1. Which residues, counting only those in the range 7-30, are buried (at least 17 other Cβ atoms within 10 Å of the Cβ), in contact with a Phe, Trp or Tyr (Cβ under 9 Å, 6 or more places away or on another chain) and without any contact (Cβ under 8 Å) to a residue 40 or more places away in the chain?
2. From the set of residues in the range 132-157 that are closer than 16 Å to residue 104 by Cα and out of contact with any Leu (no Cβ under 8 Å at 6 or more places or on another chain), which is surrounded by the fewest Cβ atoms within 10 Å (Cβ to Cβ)?
3. Checking residue 31 against (1) farther than 25 Å from residue 154 by Cα; (2) part of a helix (DSSP H, G or I), which test does it fail?
4. Only residues that are aliphatic (A, V, I, L, M) and outside any helix (DSSP H, G or I): list them for the range 1-28, please.
5. Evaluate the range 101-118: report whether one residue or more is part of a loop (DSSP other than H, G, I, E, B) and either of a type in the set (Asp, Glu) or without any contact (Cβ under 8 Å) to a residue 40 or more places away in the chain (or both).
6. If I go through the range 91-117 residue by residue, how many of them are polar (S, T, N, Q) and surrounded by fewer than 22 Cβ atoms within 10 Å (Cβ to Cβ)?
7. Does residue 33 meet the test of being touching a residue at least 24 places away in the same chain (Cβ under 8 Å), closer than 12 Å to residue 6 by Cα, of a type outside the set (Lys, Arg) and buried (at least 18 other Cβ atoms within 10 Å of the Cβ)?
8. Residues of the range 40-75 being touching a residue at least 12 places away in the same chain (Cβ under 8 Å), part of a loop (DSSP other than H, G, I, E, B) and among the acidic types (Asp, Glu), which ones?
Amino acid sequence: MNRNEALNLIKMNLKKDSMVKHVLAVEAIMEALADYFNEDKDLWGLTGLLHDIDYEVVKGDMAKHGLIAESILHSKVNDSIIRAIKSHNYMNTNVMPESKMEKALISADAISGLIIACALVMPSKKLSEVKVDTIAKKFKDKDFARGSDRSRILMCESIGLNKERFFEIALKALQKIHKELDL
């Protein structure tokens, strides 16, 4: 599956603009991480783009999140993508993250929300105003962007990235696609 096919599949399954923007954000971060680690950028990017393809379909039933994605994507993508998607919801799928890509997806998914929340509290509501220091400060504030699980963000450390470097990589990735994110 190429990116255009994946994007079409995303738009068939995700109707909320905020969800489409979320998967685009995670895709960008995953591509940046693939560059950093000298991994397959297309594979990592598709993983980020497709990771929540079933989010609206499961309608809040997190026990099915990732499993429905597997049925949607079966025989359309590399098995490592499906495994990563299932492992990003390991609490419900019992598919424990093992590979660098799987752990990166979990971190990218969580940091995307924190960085976007940082942009939204800026006077201009633009990613260009967000700095790594801002992210680090808001990361420490547990009441800020509560949905961005700090332990999931810190999974970056298990793949050899300290959180400050991870913040920098993720922020630059999102700043590159600021127009698509309307930020």
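1. 23, 27
2. Going through the qualifying residues, I end up with 151.
3. So the condition that residue 31 fails would be (1).
4. Result: 1, 14.
5. The answer is no; no qualifying residue exists.
6. The qualifying residues number 4.
7. No; evaluated as a whole, the condition is false for this residue.
8. 52, 54, 56
Values quoted throughout were computed directly from the atomic coordinates according to the rules given, and no laboratory measurement underlies them. Keep in mind it's a predicted model, so treat the numbers as computed, not measured. Note that we place each Cβ from the backbone using ideal geometry, even for glycine, and neighbour counts take in every protein chain shown.
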